[in-house]
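The values are calculated or read from the model by the stated rules, or taken from the named source; none is laboratory data. Predicted model, so just to flag it, every value in this text is computed and none were measured. Virtual Cβ from ideal backbone geometry, glycine too; neighbours counted across all protein chains shown. Heads up: the accessible areas ignore ligands, DNA and RNA and are worked out on the full protein's heavy atoms, side chains in. Shrake-Rupley method; radii C 1.70, N 1.55, O 1.52, S 1.80 Å.
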Amino acid sequence: MAQRPQKGGQSVVQLAQQQLISALTSFKLFVQLLDLTGMSESVPWFKSQTWSELRQFFAALPPRRIRSLGFVLSVSLLQGVIDMLLVGLLARFVGVLAGAKLSDQVPGVWFFGGRFLDQATWIVSLLIGAYWFASGLRFASAYLQSRLAADIWSDLVNKVYLNLMMQRYEFFTRKQTAVLAERFNRVLALMSRSVLSPMIVILASALNVLVLFVGVALVLGGRALLVFVLIFSAYLLTSRLIVPYLRLASRQRVRFSRRINLLFSESIRSIRDVQLYSSHRYFVDRVARDGLIAKRYERWSRLLPDVPRFAIEPMAITILFLVGLSPALAQGNSQALRDALPELATILMVLVRMSAPLQNVFRDLNKLRGGLPEIQDAVELLRMESDRLVLGSPGVPSKEGVLPRRFIELRDLAFRYQGSEQDVVSQINLTIPVGSRIALVGKTGSGKTTLAHLLLGLLSPSNGDLLLDGVPVTNEEMPAWQANCAFVPQDIRLLDASIRENVAFCQDPDDIEDDAVWSALEAAQFNEFVAQMPFGLYTMCGENGVRLSGGQRQRLSLARAFYRRASLLVLDEATSALDNKTEQDVLQALDLVGRRCTMVVIAHRLNTVRKCDRIYELDGGRLVAQGDFDSLVGRSASFREMTLLDADGTLHG
């Protein structure tokens, strides 16, 4: 009997390690191992939505993270072996104190046999050393687990962000920006705490418990096995009972947290109107109401995973004494009661060593189930395929390779948004000679900006083609074409960075050409103002240019377009926020720039469109008239009406 634990323990450890390392080469194999053991049939949540999402989640991890997970679990396996050693030493120590006769484990050394003091000295020395080693191993295991969770989190966030950035422009027109930001921030903030750390702790703690369970069952036999099976079943039952409430609390927490984020975003975006109309109570009251509900559900989602621990500790003691002592008490046999004490003490010590990892398994398993919304969001974002190509992608030519020499053409072009049955623009046929300046005019909602987005390749036509010198632009050529374009939108977006970095837009600060920046600012009639700023080019603009006026922001956006030295420049109401004098100066600069590039102007001001070589009028998404300014006035009644109404120099609509 003295040698049996050592041999049996070694064989179990070796077998478990071999199976685990081979299974963890990928998470799919790990899940298959669970299925082969029959656990998926006996425990329904192995087939649940949580595990389905986790399979897809871990399948997206790089192989090096799976190997790191295998190493972390190997450390946990060693930790379980050391815990078995501690339990064995404590059991021997109890036997010594009880006066039991123990045979020598190591011949010639008074290890377990021999005199009382020899036995006690050896066992106490080994216990002290084993406890120090076990504590160091636990620290190493905790460090490796936290490091692995951080590495996986970094891989996850980088991949999710890259997937989002590689979607087509149309994807962002279908999604609410605030919802996308909230989903990404939730993955950023909660994945590590609610998914990654619990998952790693579950695997490591389960392995530790498994080693203790197998070792004690082999040494102590059926009665110990019965105790552990009953305790494990009680854990499962308690956990199973709280899962529906935990998932409800987690979903409601996510729901109301999302509503709070949306209310906050809307209030900040509308802060001017909120203050003007004293509407702050509308947002404050709703945030307070939803925040109270969200915190209530968050409180339950934090408390419920710990419920099994409060129920299981007294239940475990009850099961232990009922199984261990009730037979002897029922017989009234005091000697049998004394004989049962060493085995009972051993089981109790194993339970003490096993309680922490076992509670970790069930607490984090419940936390993992409660984190299902975060898993679903992460899996959905991870599964997004890259939907567009960029410069440098295989098959994408250089920007010079697609540069048109004669004309840019839209042929039989139509576009409708996904899920819509109505075209935004249709039957568009127009040809733009290289180096010319054209204007798009029409009422609000007539399709001018959509047509500009199609020309820039931001939207893909439902029908028809964009052609350069008569050759349709392919998907592989679109990034090269976009590299030749610049766009000044109506709704300007600036970086929370310096004037210099905003003009160069996302260019490495070390690669920015300051002379080119000043030239672009001069063309935009903004150089003198920047020169008077305290820090010149290095003056910070604030979030979305909050420190600049509307006209200054528009001129800075123009400078950004000029800095690109684009072959096609699209201006969507690019001078609408400028005063008449500044607009005239910018238009003179555009006259010079326009001879070096093709220009498409969307404007309502007569001064802007009058100098265009050709004007195209849109109505209801169709081209209804075209020509130069004078011919269009005579040919189009609607355009003539707009000019007559334009008493102050603006084409209304």
Odd one out for Leu389 among (1) in contact with a Gly (Cβ under 8 Å, 6 or more places away or on another chain); (2) open to solvent by 30 Å² or more (accessible area, probe 1.4 Å); (3) over 30 Å from Gln56 (Cβ atoms): (3)
Filter result for the condition that a residue is surrounded by fewer than 21 Cβ atoms within 10 Å (Cβ to Cβ) and either at pLDDT 80 or above or in contact with a Phe, Trp or Tyr (Cβ under 8 Å, 6 or more places away or on another chain) (or both), over Ala217, Ala189, Ala234, Ala178: Ala217
Go through Val274, Val284 for me and flag whichever is among the aliphatic types (A, V, I, L, M), open to solvent by less than 90 Å² (accessible area, probe 1.4 Å), over 30 Å from Gln359 (Cα atoms) and modelled with pLDDT under 80. Val274
Between Ala130, Ala142, which is among the small types (Gly, Ala, Ser), in contact with a Leu (Cβ under 9 Å, 6 or more places away or on another chain) and at pLDDT 80 or above? Ala130
Which of the residues belonging to the stretch 538-552 are within 14 Å of Glu501 (Cα to Cα) and open to solvent by 10 Å² or more (accessible area, probe 1.4 Å)? Tyr538, Thr539, Met540, Glu543, Asn544
Evaluate the following for Gly445: is it out of contact with any helix residue (DSSP H, G or I) (no Cβ under 6 Å at 6 or more places or on another chain), free of Cβ contacts under 8 Å to residues at least 12 places away in the same chain, small (Gly, Ala, Ser) and open to solvent by 60 Å² or more (accessible area, probe 1.4 Å)? yes
Would you confirm whether or not the stretch 335-353 contains a residue that is outside any helix (DSSP H, G or I) and modelled with pLDDT under 70? no
Looking at the stretch 626-648, is at least one residue open to solvent by less than 20 Å² (accessible area, probe 1.4 Å), among the charged types (D, E, K, R), out of contact with any Pro (no Cβ under 7 Å at 6 or more places or on another chain) and modelled with pLDDT of 85 or more? no
How many of the residues making up the stretch 448-476 are in contact with a helix residue (DSSP H, G or I) (Cβ under 8 Å, 6 or more places away or on another chain) and among the aliphatic types (A, V, I, L, M)? 6
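Conditions tested, residue by residue: (1) charged (D, E, K, R); (2) open to solvent by 90 Å² or more (accessible area, probe 1.4 Å).
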{"position": "Ala497", "(1), (2)": "no, no"}
{"position": "Asp510", "(1), (2)": "yes, yes"}
{"position": "Asp515", "(1), (2)": "yes, yes"}
{"position": "Ser519", "(1), (2)": "no, no"}
{"position": "Glu522", "(1), (2)": "yes, yes"}
{"position": "Asn527", "(1), (2)": "no, no"}
{"position": "Gln532", "(1), (2)": "no, yes"}
{"position": "Phe535", "(1), (2)": "no, yes"}
Condition met for Gly620 (open to solvent by 10 Å² or more (accessible area, probe 1.4 Å), within 43 Å of the chain's Cα centre (by Cα) and within 28 Å of Phe415 (Cα to Cα)): yes
When the stretch 127-145 is examined, which residues are found to be closer than 15 Å to Gly88 by Cβ and either open to solvent by less than 60 Å² (accessible area, probe 1.4 Å) or not in a helix (DSSP H, G or I) (or both)? Leu127, Gly129, Ala130, Ala134
Here the residues within the stretch 558-584 that are in a helix (DSSP H, G or I) and open to solvent by less than 10 Å² (accessible area, probe 1.4 Å) are Leu558, Ala559, Ala561, Glu583
Where Ser74 falls short, out of the listed (1) modelled with pLDDT under 85; (2) within 19 Å of Ser135 (Cβ to Cβ); (3) surrounded by fewer than 19 Cβ atoms within 10 Å (Cβ to Cβ): (1)
Got a sec? Which of Pro461, Pro404, Pro479 is modelled with pLDDT of 90 or more, under 18 Å from Leu568 (Cβ atoms), surrounded by 17 or more Cβ atoms within 10 Å (Cβ to Cβ) and out of contact with any strand residue (DSSP E or B) (no Cβ under 9 Å at 6 or more places or on another chain)? Pro479
For the stretch 417-427, how many residues meet the condition of being in a loop (DSSP other than H, G, I, E, B) and open to solvent by 100 Å² or more (accessible area, probe 1.4 Å)? 3
Give the stretch 386-416 a look and list any residue that's assigned to a loop (DSSP other than H, G, I, E, B), touching a residue at least 12 places away in the same chain (Cβ under 8 Å) and within 25 Å of Leu162 (Cβ to Cβ), or say none. Ser386, Asp387, Arg388, Leu389, Val390, Leu391, Ser393, Gly395, Val396, Pro397, Ser398
Which residue pairs have Cβ atoms closer than 8 Å, lie 6 or more positions apart in sequence or on different chains, and pair a first residue in the stretch 451-469 that is in contact (Cβ under 8 Å) with a residue 60 or more places away in the chain and among the small types (Gly, Ala, Ser) with a second residue that is open to solvent by 20 Å² or more (accessible area, probe 1.4 Å) and part of a loop (DSSP other than H, G, I, E, B)? Ser460/Arg168
Quick check, is Lys367 in a helix (DSSP H, G or I), open to solvent by 30 Å² or more (accessible area, probe 1.4 Å), modelled with pLDDT under 75 and under 30 Å from Ile260 (Cβ atoms)? yes
Could you say which residue among Gly95, Gly114 is modelled with pLDDT under 65 and part of a helix (DSSP H, G or I)? Gly95
If Glu501 passes every condition in (1) open to solvent by 50 Å² or more (accessible area, probe 1.4 Å); (2) in a helix (DSSP H, G or I); (3) in contact (Cβ under 8 Å) with a residue 24 or more places away in the chain; (4) not polar (S, T, N, Q) but one, which one does it miss? (3)
Can you confirm whether Leu203 is touching a helix residue (DSSP H, G or I) at 6+ places or on another chain (Cβ under 7 Å) and within 20 Å of Ala60 (Cα to Cα)? yes
Is the stretch 547-560 home to any residue that is touching a residue at least 60 places away in the same chain (Cβ under 8 Å), touching a helix residue (DSSP H, G or I) at 6+ places or on another chain (Cβ under 9 Å), of a type in the set (S, T, N, Q) and within 28 Å of Asn429 (Cα to Cα)? no
